[in-house]
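The values are calculated or read from the model by the stated rules, or taken from the named source; none is laboratory data. Since the model is a prediction, treat every value here as computed from it, not as a measurement. Every residue, glycine among them, receives a Cβ derived from its backbone with ideal geometry; neighbour counts consider all protein chains shown.
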Amino acid sequence: MELWCLVVTWFVLVWGIVEAQSPPNIVFFLADDLGWNDVSWHDAGVVTPNLQLLANEGVLLEQNYVQPLCTPTRSALLTGYYPYHLGRQGTVLGYTWPTGLTLNYTLLPENLASLGYDTHMIGK
Ligand SMILES: *[C@@H]1O[C@H](CO)[C@@H](O)[C@H](O)[C@H]1NC(C)=O
């Protein structure tokens, strides 16, 4: 098991309404190894001004549960399926492993695109 990938995963979903007729903007952060008190809205001694601004203007979803590892968490997030339905419940995928999700799942960005959203992902 790779320590870097042991996760205390934190979800922050920020909704911002650009125009009254537009669907809300969605900014989704998935952070590995971020503890509950590692953000300023839970601990005033922590300085996270940009995240605090997003939190102030958005919606915080603070009672979410994730898998203890990144691969099962991402698999579930992207597909909406529990990891054991995807064969991704066991471990973290190595970056050189020639495997991943099977191609018959519609992923979250594809579902959002079908609703008219432009999507973009940054990160590993
Ligand atoms: C996708 O394909 C896999 C492998 O054939 C199968 O086990 C799974 O049920 C399929 N899932 C969907 C949503 O079609």
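Details
- Flag if L86 is surrounded by 14 or more Cβ atoms within 10 Å (Cβ to Cβ), touching a strand residue (DSSP E or B) at 6+ places or on another chain (Cβ under 7 Å) and among the aliphatic types (A, V, I, L, M): no
- From the list S75, S40, the lone residue that is surrounded by 14 or more Cβ atoms within 10 Å (Cβ to Cβ), polar (S, T, N, Q) and within 16 Å of the ligand (Cβ to nearest atom) is S75.
- Extreme residue, farthest from the ligand (Cβ to nearest atom), among residues of the range 91-113 that are under 15 Å from T71 (Cα atoms) and in contact with a strand residue (DSSP E or B) (Cβ under 9 Å, 6 or more places away or on another chain): V92
- Neighbours by Cβ (under 8 Å, 6+ apart or cross-chain): first from the range 72-83, under 16 Å from T119 (Cα atoms); second among the hydroxyl-bearing types (S, T, Y): L78/Y105; T79/Y105; T79/T106
- Candidates V46, V66, V59, filtered to the one that is touching a residue at least 12 places away in the same chain (Cβ under 8 Å), more than 23 Å from P23 (Cβ to Cβ), assigned to a loop (DSSP other than H, G, I, E, B) and more than 13 Å from the ligand (Cβ to nearest atom): V66
- Checking the stated criteria, A20 turns out to be exposed (fewer than 14 other Cβ atoms within 10 Å of the Cβ) and at pLDDT below 75.
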